[in-house]
Amino acid sequence: MSGRISWHEYFMAQAKLIALRATCTRLMVGAVIVRDRRVIAGGYNGSIAGDEHCIDVGCKVRDGHCIRTIHAEQNALMQCAKFGVSTDGAELYVTHFPCLNCTKLLIQAGIRHIYYEVPYRVDPYAIELLEKAGVGTTQITVDLNAYVQVMSKVSTDPALTYVPESKAQKDEYGQSVGKIV
């Protein structure tokens, strides 16, 4: 990896990071909703607020699915609904291809493109619905290890050392003049 990461890499990396908050042990999924190159919501698969988590008490499986949790895409959409943020025309970055029910919700919410990394249990009817609705899908892969290697080089470069606010140099008006020295 050289230079600046692309927008796709940036947003997919965030989805992968958010997936680390997932509380279902069966699959860790993260999702980021983006509009105009700005993150408007993020979600991971986990229990509803106030309920027990799979990581604490185990999964509640029915018909091969954990029913204790809601999906990452659902959590992200509900975050937008809760705070009154429109998803019309937005894009979704998600670690795993959305299930059929999430696909329906995303179409109804006005998501115009889905970027995913893992083609997990792709339902043919979901593909059909997405095509009919004109929602694009693109598989992209992001290797977080490459970024970790770059960041480890940056964090050891003395020219890019962070100086806490309390120790930053002050100008003649008492204002901090930079935190990176």
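3J(HN,Hα) couplings calculated from phi for the range 59-72 with the Karplus curve 6.51 cos²θ - 1.76 cosθ + 1.60 (θ = phi - 60°) are, in sequence order, 6, 10, 9, 9, 6, x, 10, 6, 9, 6, 9, 10, 6, 4 Hz; Gly and Pro show x.
For Glu131, the solvent-accessible surface with a 1.4 Å probe is about 140 Å², rounded to the nearest 10.
For the full complex of protein chains and a 1.4 angstrom probe, list Ile70, Ile55 by accessible area with the highest value first. Display every interim value, and only then the final one.
Details: Ile70 45, Ile55 100 Å².
The ranking, largest first, comes out as Ile55, Ile70.
Accessible area of Thr87 (1.4 Å probe, protein heavy atoms only, ligands and nucleic acids ignored): about 20 Å². Protein-only accessible surface at a 1.4 angstrom probe places the residues Leu17, Leu144, Leu92 in the order Leu17, Leu144, Leu92, largest first. Give me the accessible area of Asp143, 1.4 Å probe, in Å² rounded to the nearest 10. Asp143 exposes around 90 Å² with every protein chain in place. Taking every DSSP beta bridge that has both ends in the range 7-152, the antiparallel portion is near 60%. Applying the Karplus relation 6.51 cos²θ - 1.76 cosθ + 1.60 with θ = phi - 60° to the range 80-95 yields 3J(HN,Hα) values of 5, 4, 4, 9, x, 9, 5, 9, 4, x, 7, 10, 10, 10, 9, 5 Hz, where x marks Gly and Pro.
Rolling a 1.4 angstrom probe over the range 7-152 with all protein chains present gives an accessible area of which 52% lies on carbon and sulfur atoms. How big is the gap, in Å, between the Cα center of the range 69-85 and the Cα center of the range 1-61? Computed from Cα coordinates, the inter-centre distance equals 12 Å.
Ignoring ligands, DNA and RNA, what accessible area per residue does the range 7-152 give at 1.4 Å, in Å²? It would help to have the intermediate numbers written out before the result.
Numbers: 8060 Å² over 146 residues.
Accessible area per residue: 55 Å².
The values are calculated or read from the model by the stated rules, or taken from the named source; none is laboratory data. All values derive from a computational prediction rather than experimental measurement. Note: accessible area is taken over every heavy atom of the protein model, side chains too, but ligands, DNA and RNA are not part of it. Shrake-Rupley method; radii C 1.70, N 1.55, O 1.52, S 1.80 Å.
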